[in-house]
Amino acid sequence: MTQPYSIDRGSNWRREAVRAWLYGLDRVSAPMQEAIVTAWVSAWASSSHERLEDMPFSPGTGFFPLMQHVNEVTRAGLDLGARAAEDWGQALDPEVLVPILILHDVDKPLLYRRNGGGAVHTDLYHELPHGVIGAMLLKELGFAHAVVSTVATHATNAPFHGRNPEAHVLHYADLFAADHAFRVMGETPLYLRHR
């Protein structure tokens, strides 16, 4: 297997595009902002996608932009995080919460590619589960263990999930935004699927 990604600290035009896209960057420190941007630039530059707008949220016959999903998860997660802090009496660490919200799907540009009006899996999808490649990238960039482990285990089909409150918030923000995407794509939302 060739390396699934390479770290891209250059690509100034990509850095500008990623900065302009991501909601919530202003909620973390400048070094964290740079690390988040580098993660997304690296995934994008290592993918087959020429434009951010071409990155799919999920395979299927319909298309929903990953860009929109990530920002919906971030907005919902920040709202839930504020609610959790108030209701649970426990403040969530923005240097953990914000990165996991923004970066939870950082490996999707490597796992899915556009195909007609929808998207399909890449070969890499069949080598490692969603979340693991993103966690590898984040570990290499020096993100905290709580961020790396939460991204690695956030997928609904992961064998286990993070126990920190930030992982809890990500889970519900992601499901909330994913169901919106599936409805737009013409697919059954997760909450209506029978197991």
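The values are calculated or read from the model by the stated rules, or taken from the named source; none is laboratory data. No experiment lies behind these values; they were computed from the predicted model shown. Here the Cβ positions follow ideal geometry from the backbone for every residue, glycine too, while neighbour counts run over all protein chains shown. All accessible areas refer to the heavy atoms of the entire protein, side chains included, with ligands and DNA or RNA removed. Shrake-Rupley method; radii C 1.70, N 1.55, O 1.52, S 1.80 Å.
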Residue 82 to residue 11: FRET efficiency via 1/(1 + (r/R0)^6), r the Cβ-Cβ distance, R0 25 Å, to the nearest 0.05? 0.15
Leaving out ligands, DNA and RNA, and with a 1.4 Å probe, what % of the accessible surface on the chain is carbon or sulfur? 52
Across 65, 159, 109, the residue with the highest GNM fluctuation in the chain (Cα network, 10 Å cutoff) is 159
Taking a probe of 1.4 angstrom, what is the accessible area of residue 21 in Å², to the nearest 10? 20
Additional length obtainable on full extension of the chain from residue 140 to residue 123, 0.36 nm per residue less Cα span: 3.9 nm
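State the extension gain, in nm to one decimal, for the chain segment bounded by residue 160 and residue 190, taking 0.36 nm per residue of separation less the distance between their alpha-carbons. Mind dumping the intermediate values first?
Details: separation 30, 0.36 × 30 = 10.80 nm, distance 1.84 nm.
Working it through step by step, the gained length comes to 9.0 nm.
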Just reorder 180, 145, 194 by solvent-accessible area, largest first, 1.4 Å probe, all chains present. 194, 145, 180
Across the alpha-carbon set of the chain, Rg over Rh with Rh taken as the Kirkwood radius works out to 0.94
Could you tell me the distance between the Cα centroids of the stretch 133-195 and the stretch 29-90, to the nearest Å? 11
Would you list the membrane-span-like helices of the chain, meaning whole DSSP H runs whose alpha-carbon atoms span at least 15 Å along their axis and whose mean Kyte-Doolittle value is at least -1.0? 30-45, 66-88, 165-185
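Would you mind getting the accessible area per residue of the chain, heavy atoms of the protein chains only, 1.4 Å probe, in Å²? Mind showing how you got there, number by number?
Values: 9610 Å² over 195 residues.
I get 49 Å² per residue for this part.
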Mean ellipticity per residue at 222 nm, deg cm²/dmol - from DSSP H runs of n ≥ 4 across the chain, formula -39500 (n - 2.57): -16500 deg cm²/dmol
